[in-house]
Structure formats: C-alpha cells, structure tokens
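Engineer: Supplied in structure tokens, the structure appears directly below.
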Amino acid sequence: MGLITGHACASDSKGKTDDYLTYKKPIVISTWKNGVQANATAWDIIGKGGRSLDAVENGVKVVENDPEDMSVGYGGRPDRDGHVTLDACIMDENGNCGSVCALEHIRHPISVARKVMEDTPHIMLAGAGALQFALEKGFPKENLLTEKARREWEKWLQTAQYKPIINIENHDTIGMLAIDTFGNMSGACTTSGMAYKLHGRVGDSPIIGAGMFCDNDVGGAVATGTGELVMRTLGSFLAVELLRNGASPKEVAEDVVNRIIKKTPDYKDHQIGFLVLSKSGDVGAYAIQPGFNYAIHSENGPELIDSGSFL
Ligand code: SD4
C-alpha cells in the first residue's frame with residue numbers, strides 16, 4: 001500500500017482523524033518524516049512475529065545511519081566545539097531500560113544503550129565511560145562529523161555568540177514505540193541533540209521518562225523538540241501516567257504540551273512534540289508549533305500524519 005499522508009487526518013477507509021486514531025496490533029509509530037523509513041524496518045521485524053525491542057532498536061538505527069538526518073547519529077550536527085555527541089535510550093516490555101548520553105564516535109548509540117540495559121547492572125552511561133564501554137563491546141570508533149555538518153558548523157561559528165541559543169529548526173530526533181504480535185510494547189529514542197549546544201549538554205532524549213517512557217500495562221510516549229522543556233516536566237512519564245488515568249493519547253499529548261506552555265513564557269520560540277501510543281493501539285500527538293509530523297506503520301501500511309498544535 002502507498003504512503004497515506006494527511007493534515008490532522010489519517011484518511012484511510014475508517015475515516016480516522018488525528019483526534020482519534022486506533023489500530024490493531026502489531027503497530028509501530030515514530031516521530032517525524034524519517035520515521036517512515038525507520039518504521040518499515042521495524043515493521044519487517046514485528047510483522048514476522050519478532051519482538052518489539054528488536055523492532056525499535058533496528059528501526060531507529062536506520063535514521064542513526066542516515067547522514068541526511070542531521071539531528072541523529074552519523075551526520076548529526078556537532079556541539080559548539082565541533083564534537084558530535086549522541087544521546088539515546090531504550091526500554092523493553094518488562095520495564096528494563098538502558099541509556100547513553102554525550103557519547104562520541106559511535107554510530108549506533110541505541111545499540112550501546114541496549115547493551116547497557118542487558119549486560120550491566122546500570123541504566124545510564126555518560127561521555128568517556130560510555131565510549132569505553134562501547135569499544136569494549138566491539139563497536140567501531142568512527143568520525144561522525146560529515147563534511148556537510150562540518151561546513152555548516154564552521155559557517156555558524158562565524159556569527160555565533162557563545163551562549164546557549166535554542167534553535168527551533170533543529171528537529172528530526174527519532175522516538176519510536178512498537179507493539180508486537182504478543183501485545184508487548186518497547187520504545188527507543190536517539191538524537192544528536194540541539195545543534196551547537198554547549199559541550200557536555202545532555203537533553204531529554206536519553207532520560208527515561210523525559211524523552212521516552214513505556215509501561216507495558218498502559219502505553220508509551222516519546223518527545224521531540226527543546227529537551228530542556230521536556231526535562232522540566234518529565235513529559236513522557238507524565239503522558240503515560242495521564243494515560244493510566246483514562247485519558248486518550250491525543251488528550252494526554254495535549255495536556256503535557258499545555259503544561260509546558262504554561263511554565264514557559266517564551267514558548268513561541270520553541271517546538272515540542274509528543275507522540276503517544278496506548279496499549280490498546282490508540283495513537284495521538286500534539287505539538288506547540290505546526291509542522292510536527294509522525295509516522296505509523298500497521299497492517300494498513302505506512303502513514304505520515306501531521307500533528308495538531310497549540311499555535
Ligand atoms: C534534545 N529533544 O536534545 C532533543 C532534540 C530534538 O528533535 O528532539 N530534536 O533536546
């Protein structure tokens with residue numbers, strides 16, 4: 001089936017709208033347009049009866065590998081000092097989780113996060129320690145700064161002031177949630193973070209409960225956009241807890257975004273998008289600004305849907 005796209009309307013035969021999207025399992029959803037490609041890989045796994053954890057890991061790896069996505073993995077925009085530093089986290093159906101932050105030189109931080117989850121008693125490894133662990137696990141050390149990203153960074157340096165500037169243009173972080181044929185949900189999130197951030201800055205994406213959270217009894221959520229705003233509210237955990245209390249995915253995404261807006265006087269200078277999947281296969285999203293879209297892959301095939309937004 002071809003790609004279905006729509007603005008606030010996933011126009012398939014059931015006449016679904018962005019307010020109410022419901023699917024049969026298995027299903028995989030992810031943030032932004034690049035999620036379409038990533039979902040296809042994840043779908044190949046869950047569609048054949050594979051585990052949702054394998055689906056989300058291998059799905060987001062597609063985007064980590066893509067130099068054209070300059071917010072994730074190889075080809076990601078560097079920090080102010082020219083280092084590509086990556087953040088990622090993963091969570092399985094049993095509530096196990098793993099995470100890496102400020103990791104350099106490793107193309108697939110999501111796979112390192114999975115190794116942290118499965119092979120260590122810890123949940124999160126940072127910076128040099130995360131790199132040491134990855135190398136010990138056999139991940140190759142690579143230069144992740146592409147010529148294109150280096151040229152853009154050098155241009156930015158000509159005018160940049162050395163103070164934090166939140167650049168609302170730098171999105172495309174991938175957050176993915178999948179439910180497999182056994183009804184089990186896993187999630188993953190991976191990013192190079194805000195472009196030209198201070199060296200050492202870590203965003204929401206590798207923080208379990210901020211950039212991603214899933215609870216196999218209830219559902220899951222992923223976030224994209226200005227991480228500092230998501231961290232203040234632990235947005236993905238909050239979304240799942242609101243879901244637990246009976247709200248729909250769309251309602252909870254809206255609630256969390258509204259809560260962030262209320263506490264952020266300059267919210268118009270930021271983008272935040274939340275994407276939520278309930279255990280029963282309902283999907284919803286909401287953002288501050290127009291322009292946030294998300295990809296769904298189900299038995300209906302691939303879809304790309306524009307989220308509703310506050311502005
Ligand atoms: C961060 N939340 O590091 C990430 C950036 C992002 O789409 O999501 N971009 O703050």
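Engineer: Based on the Cβ-Cβ distance from Phe310 to Leu157, what FRET efficiency comes out when R0 is 30 Å, to the nearest 0.05?
Structural biologist: With a Förster radius of 30 Å, E is 0.35.
Engineer: So how strong a dipole does the chain carry about its Cα centre when Lys and Arg Cβ are +1 and Asp and Glu Cβ are -1, to the nearest 20 debye?
Structural biologist: Dipole size: approximately 360 debye.
Engineer: Which stretch or stretches of segment 188-222 have amide N atoms under 20 Å from the point lying 7 Å from Lys137's Cα along the Cα→Cβ direction?
Structural biologist: Residues passing the 20 Å test: 188-193, 202-214.
Engineer: On to the next question. Work through the residues other than Ser111 whose Cβ is under 13 Å from its Cβ and net out their charges, Lys, Arg +1 and Asp, Glu -1.
Structural biologist: So the environment of Ser111 carries a net charge of 0.
Engineer: How much length would be gained if the chain were fully extended between Asp119 and Lys263, taking 0.36 nm per residue of separation minus their Cα-Cα distance, in nm to one decimal?
Structural biologist: 47.9 nm
Engineer: Just to be sure I understand: if I project the alpha-carbon convex hull of segment 239-296 onto a plane and average over all orientations, what area do I get in nm²?
Structural biologist: 4.0
Engineer: Give me P(r) over segment 195-257, computed from all C-alpha to C-alpha distances, binned every 5 Å, as integer percentages.
Structural biologist: Histogram of Cα-Cα distances, whole percents per bin: 4, 21, 29, 21, 13, 6, 4, 2, 0.
Engineer: Then there is this: From Cα pairs below 8 angstrom and at least 6 apart in sequence, can you work out the relative contact order of the chain, rounded to a whole percent?
Structural biologist: Here the relative contact order equals 25 percent.
Engineer: With unit charges on the beta carbon (Lys/Arg positive, Asp/Glu negative), name the residue among Gly73, Asn216, Val84 whose Cα is farthest towards the positive pole of the charge dipole of the chain.
Structural biologist: Val84
Engineer: Continuing with the same structure: For the chain, what is the calculated [θ] at 222 nm in deg cm²/dmol (nearest 500), taking -39500 (n - 2.57) for each run of four or more DSSP H residues and dividing by its residue count?
Structural biologist: Computed mean residue ellipticity for the chain: -9000 deg cm²/dmol.
Engineer: Continuing with this model, one more query. Which Cα, out of Val283, Val257, Gly138, lies furthest along the positive dipole direction of the chain (beta carbon charges, K/R +1, D/E -1)?
Structural biologist: Val257
Engineer: Near Asp44, within a Cβ-to-Cβ distance under 14 Å, what is the net charge of the other residues, with Lys and Arg +1 and Asp and Glu -1?
Structural biologist: -1
Engineer: Mean separation of Cα pairs under 8 Å and 6+ residues apart, divided by the residue count of segment 22-100: what relative contact order is that in percent?
Structural biologist: Across segment 22-100, relative contact order equals 18 percent.
Engineer: Under 4 °C and 1.567 mPa s, how fast does the chain diffuse according to Stokes-Einstein, given a Kirkwood radius computed over C-alpha pairs? Answer in µm²/s, whole number.
Structural biologist: 69
Engineer: Among 85-94, 104-113, 279-288, what's the highest-first ranking by average C-beta atoms within 10 angstrom per residue?
Structural biologist: 85-94, 104-113, 279-288
Engineer: Would you mind pulling out the separation of the Cα centroids of segment 274-288 and segment 67-98, in Å?
Structural biologist: Computed from Cα coordinates, the inter-centre distance equals 22 Å.
Engineer: Under 8 Å for C-alpha pairs, at least 6 residues apart: give me the relative contact order for segment 165-311, rounded to a whole percent.
Structural biologist: Taking the mean separation of contacting Cα pairs over the length of segment 165-311, I get 19 percent.
Where a number appears in this text, it was derived from the coordinates with a stated rule and is not lab data. All figures in this text were calculated on a predicted structure; none of them were measured in a lab. Positions of Cβ are backbone-derived with ideal geometry, glycine not excepted, and every protein chain shown enters the neighbour counts.
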